[in-house]
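Peer 1: Quick one: structure below, then a few questions.
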2 protein chains.
Amino acid sequence: MTTIVLIGSGNVATHLFKVFSASESIKIIQVVGRNERTLERFEGAEAMSTDFNGIKDADIYIIAVSDDSILSVSQHLSDKNGLIVHTSGSKTIDELSSHARRGVFYPLQTFSHFREIDFKKVPICLEARQESDFNLLQNLASQISDKVYEVSSDQRRSLHLSAVFVNNFTNHLIHIGNRICLENSLPFEMLQPLLQETVSKLNEISPYDSQTGPARRGDLKTMQNQMDQLKNRDDQEIYRVLSRSIQKTYGKKL
Amino acid sequence: MTTIVLIGSGNVATHLFKVFSASESIKIIQVVGRNERTLERFEGAEAMSTDFNGIKDADIYIIAVSDDSILSVSQHLSDKNGLIVHTSGSKTIDELSSHARRGVFYPLQTFSHFREIDFKKVPICLEARQESDFNLLQNLASQISDKVYEVSSDQRRSLHLSAVFVNNFTNHLIHIGNRICLENSLPFEMLQPLLQETVSKLNEISPYDSQTGPARRGDLKTMQNQMDQLKNRDDQEIYRVLSRSIQKTYGKKL
C-alpha cells in the first residue's frame, strides 16, 4: 500500500484523486488545498485540509498546483521524509531542490473537470534523483497507466512545448475554423468528421506524410483567394505564417 | 436507378467510386480519367476510359478533378443532357456555367487512398440551379450519407477555408510537435492520447471554452521560455502569432 498526500485542488489533482481512489494498492490519506470551495470536488476523501501546517506523513507527496506555486508549497514539506514530486510539464525536478528525495510525476494529457479520462492510456512521465524513488514512482504510475516513461527534465520541457503546439494551438485553429463557419451560418458539427479523421489518420501515417491542401501543393491562387476571404488581420497573419511554413517544409518555392 | 459517369481518378473519385458501387440504387456506368495508371484503382468498373470523346449518357456526371481542370473537363460534356456537378470546395457552381443543369457535390472530408472512410458520417454539401436537380443530388447523397446539407457557393468557400484551418494547419502544428519530440528522442505515440482528447473534448464543449495553456492564462514567463526553446525562426513566429491571437481572443493584455 502506497500512501499519498495530494496537494492542490485543480483539474490535475481532481483526476489523480479519482484514479488513485479506484486503486486498491494506493491510499490517499489527505488532500490539501488553499481553496476550500474546490476542495469540495474531492468527495469521499478521508481527510481534506486547507492547513498546510497539518500535513500528514506519507510515502509520496504529490504537488499538483500551478507552476508558480510549486516552490512555495514545497516549502511546507521541509520536515517530511517521503518522496516529494510535482506534476508540471515545464518545471525541472530542481524546482524541488530543497528536498533530497524529489521527483516528477507528469501525466501528459489535457484535463477538464467535466471529462472522464481513461488513465490507462495517459502517458505518465517520471523522473527521480534516486533509483529507489524512481522505482516507487514507477510502481505508482503503473497502477493507473499502461504508458509509463522515464523522461528527463529537458525532455519533459520539450514535451510540454510540443503539447502546446498539438493541443493549445490546434485548438485555437479549430476555434477560428468554427468562427468562420458560424459567421456563414454553417453548424460546427459539419467539421467534426474532418477533425476526427485528421487525427485518426495519424495512427497510420506521420503528420508529415498526411499533409494536403493549397500550401502543400504550392497552389498560390487558392492561397491568395483564401487570404482575401479572411476578414481580420490576425487570421490573415496566421494563414500567411502557417502556409509559408508548410511551403518551406515541403520545399515549395516562396 | 441513378446512372453516373465519374470523371477523375484521384482520391475523391476513388472513394466515391467505392461507396457508390456498394449502393444498389446507384450505377456507375463509366469512369473517365486522363491517367491510365491511376484508373487501375477502379477495380471492377464496367467501363473505364481515357477517352474524353467517348463519354456515355448518364443521369449525373461527377467531375472529381483538380480545381484548375474542372472547366476544361466540363467542356467535353457540352452535348450532354444530364446534370453536371463538380466536387470542389472552393470553386463556385458557375465554374460549370456553360451547362444549364449544373451543380456541386462536395464531400467535406480529407481522403487518403489507404484509408477506409465511413461515408455515412461525411457531410455532403449540395448545390444546384434547379429544384429538380437539387432533389436528384439529394437523393444520390442520402444513399451514401446521413449528413446532407444545402450549401451555397459562398458558404462552401467558407467551409473550405475553415477546413484549411481545421485540417491542413492543425496537421502542420502536429508535425511541428512531432518534430520537437523526435529531436528530443521522444516517441510521437506519447502525444497521441493528448491529440485524441483535444478533438474528443469538442464533442462536449466549444473550442472557445476548451482552450487552456500559457497564452490563455496570459502566462508571459512560460511563453517567453518556450519561445527561447524553439530553435528555428519559423517555429518561433508561429508560436508568437498564435499566442498573440489566443491572448487577444481571451482579452489578455499584450
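Peer 1: Roughly how many Å² is the accessible area per residue of chain B, as a whole number, for a 1.4 Å probe?
Peer 2: Counting only protein heavy atoms, the per-residue value for chain B is 43 Å².
Peer 1: Turning to a different aspect of this structure: Tell me the GluC sites (Glu not before Pro) within the stretch A:70-130 that lie in a loop according to DSSP and have at most 10 other beta-carbon atoms within 10 Å.
Peer 2: Passing sites in the stretch A:70-130 are A:Glu116.
Peer 1: Go through the stretch B:201-217 residue by residue and turn each phi into a ³J(HN,Hα) via Karplus (6.51, -1.76, 1.60, θ = phi - 60°); whole Hz please, and just put x for glycine and proline.
Peer 2: Here the 3J(HN,Hα) series is 3, 6, 6, 10, 10, 6, x, 4, 6, 7, 5, 9, x, x, 5, 4, 6 Hz.
Peer 1: Turning to a different aspect of this structure: What are the nm distances, shortest first, from A:Asn203 to its equivalents in the other copies, labels at 7 Å along Cα→Cβ?
Peer 2: Label point to label point, same position, other copies: 1.3 nm.
Peer 1: Taking the Cα centre of the stretch A:41-162 as the origin, how large is its charge dipole in debye, to the nearest 20, when only Lys and Arg (+1) and Asp and Glu (-1) carry charge on their Cβ atoms?
Peer 2: 240
Peer 1: Just the number: Rg to Rh for the protein assembly as shown, Cα atoms, Kirkwood Rh, two decimals.
Peer 2: 1.07
Peer 1: Further, regarding this structure: At the nearest 100 Å², what buried accessible area, both sides summed, do you get for A and B when the probe is 1.4 Å?
Peer 2: Chain pair A/B: roughly 8800 Å² of buried accessible area.
Peer 1: I would also like to ask the following. Would you kindly derive the ³J(HN,Hα) couplings of the stretch A:47-64 from the backbone phi angles with the Karplus curve 6.51 cos²θ - 1.76 cosθ + 1.60 (θ = phi - 60°), listing them in order in whole Hz, with x for Gly and Pro?
Peer 2: With coefficients 6.51, -1.76 and 1.60, one gets 9, 10, 8, 10, 9, 5, 8, x, 6, 6, 7, 8, 5, 9, 10, 10, 9, 10 Hz.
Peer 1: Quick check: net charge around A:Pro123, other residues with Cβ under 13 Å of its Cβ, Lys/Arg +1 and Asp/Glu -1?
Peer 2: -1
Peer 1: On to the next question. Quick one: pull the percent of accessible area on the stretch B:49-183 belonging to carbon and sulfur, 1.4 Å probe, ligands and nucleic acids left out.
Peer 2: Carbon with sulfur: 41 percent of the solvent-accessible area.
Peer 1: Here's another thing I want to ask about it. Per the helix-only calculation at 222 nm, which mean residue ellipticity applies to chain A, given -39500 (n - 2.57) for every DSSP H run of n ≥ 4 and division by its residues, nearest 500 deg cm²/dmol?
Peer 2: Mean residue ellipticity at 222 nm (helix-derived): -11500 deg cm²/dmol.
Peer 1: Mind listing the long-range amide H neighbours of A:Arg129? Cut-off is under 5 Å, sequence gap 5 or more, other chains count too, H placed in the peptide plane at 1.01 Å from N.
Peer 2: Sorted by chain and number, the residues that satisfy this are A:Arg102.
Peer 1: To continue, here is another question. Placing the label point 7 Å from Cα along the Cα-to-Cβ direction, what are the distances from B:Arg34 to the equivalent spots in the other copies, shortest first, in nm to one decimal?
Peer 2: Spelled out, the distances from B:Arg34's label point are 6.7 nm.
Peer 1: What's the angle, to the nearest 10 degrees (0 to 90), between helix B:11-21's Cα axis and the longest principal axis of chain B?
Peer 2: The two axes meet at around 50 degrees.
Peer 1: Let me ask another. Report the percentage of all Cα-Cα pairs in the stretch A:1-129 whose separation exceeds 23 Å, rounded to a whole percent.
Peer 2: Percent of Cα pairs beyond 23 Å in the stretch A:1-129: 24.
Peer 1: What is the Cα centroid distance between the stretch B:37-69 and the stretch B:117-177, reported in whole angstrom?
Peer 2: 21
Peer 1: Here's something else I'd like to know. Just the projected area, averaged over all directions, of the convex hull on the alpha carbon atoms of the stretch A:68-127: how many nm²?
Peer 2: In nm², the orientation-averaged hull projection of the stretch A:68-127 is 4.9.
Peer 1: Moving on to the next point. Averaged over B:201-210, how many beta carbons belonging to a partner chain fall within 10 Å of each residue's beta carbon?
Peer 2: Per-residue shielding by partner chains comes out at 6.
Peer 1: Within the protein assembly as shown, what percent of beta bridges assigned by DSSP are antiparallel, to the nearest 5?
Peer 2: Taking every DSSP beta bridge within the protein assembly as shown, about 20 percent pair in antiparallel fashion.
Peer 1: May I pose another question? Name the residues whose placed amide hydrogens come within less than 5 Å of the amide hydrogen of A:Ala47, ignoring near sequence neighbours (fewer than 5 apart) on the same chain.
Peer 2: Amide H to amide H, under 5 Å and 5 or more residues apart or across chains, A:Ala47 pairs with A:Val31.
Peer 1: Average partner chain C-beta neighbours within 10 Å, per residue of A:103-114?
Peer 2: For peptide A:103-114, the averaged partner shielding equals 3.
Peer 1: Among A:Ala64, A:Gly103, B:Gln229, pick out the residue whose Cα is farthest towards the positive end of the charge dipole of the protein assembly as shown, where Lys and Arg carry +1 and Asp and Glu carry -1 on C-beta, about the Cα centre.
Peer 2: Result: B:Gln229.
Peer 1: Using θ = phi - 60° and the Karplus curve 6.51 cos²θ - 1.76 cosθ + 1.60, what whole-Hz ³J(HN,Hα) does each residue of the stretch B:122-132 get, with Gly and Pro shown as x?
Peer 2: Couplings: 7, x, 10, 9, 10, 8, 8, 7, 10, 4, 5 Hz.
Peer 1: Another one. Rounded to two decimals, what is the ratio between the C-alpha radius of gyration of chain A and 2.2 N^0.38 Å?
Peer 2: 1.24
Peer 1: Enumerate the lysines that B:Lys91 could reach by cross-link, defined here as Cα to Cα under 19 Å, with residues fewer than 8 away along the same chain left out.
Peer 2: A:Lys221
Peer 1: Right, another one. Just to verify a number: FRET efficiency for A:Asp146 and A:Ala22, C-beta to C-beta distance, R0 = 22 Å, to 0.05?
Peer 2: After rounding to 0.05, the efficiency reads 0.90.
Peer 1: Dipole magnitude of the stretch B:111-169 about its Cα centre, charges +1 at Lys/Arg Cβ and -1 at Asp/Glu Cβ only, in debye to the nearest 20?
Peer 2: Approximately 200 debye in magnitude.
Peer 1: I would also like to ask the following. If you project the alpha carbons of the stretch A:1-42 onto the principal axes, what extent comes out on each, in Å, largest first?
Peer 2: Extents along the principal axes: 29, 14, 13 Å.
Peer 1: Name the residues whose placed amide hydrogens come within less than 5 Å of the amide hydrogen of A:Gly82, ignoring near sequence neighbours (fewer than 5 apart) on the same chain.
Peer 2: Amide H neighbours of A:Gly82, under 5 Å, 5+ apart: A:Ala58.
Peer 1: May I pose another question? Using a 7 Å offset from Cα along the direction of the beta-carbon, what are the separations from B:Ser142 to the same position in each other copy, nm, ascending?
Peer 2: When each copy's label point is compared with this one, the spacings are 5.7 nm.
The values are calculated or read from the model by the stated rules, or taken from the named source; none is laboratory data. Everything numeric here is computed off the predicted structure, so don't read it as measured data. Methodologically, a virtual Cβ is constructed for each residue, glycine included, from the backbone with ideal geometry; neighbour enumeration extends over all protein chains shown. Ligands, DNA and RNA are stripped out before the accessible areas are found, and what is left, the full protein with its side chains, is counted by its heavy atoms. Shrake-Rupley method; radii C 1.70, N 1.55, O 1.52, S 1.80 Å.
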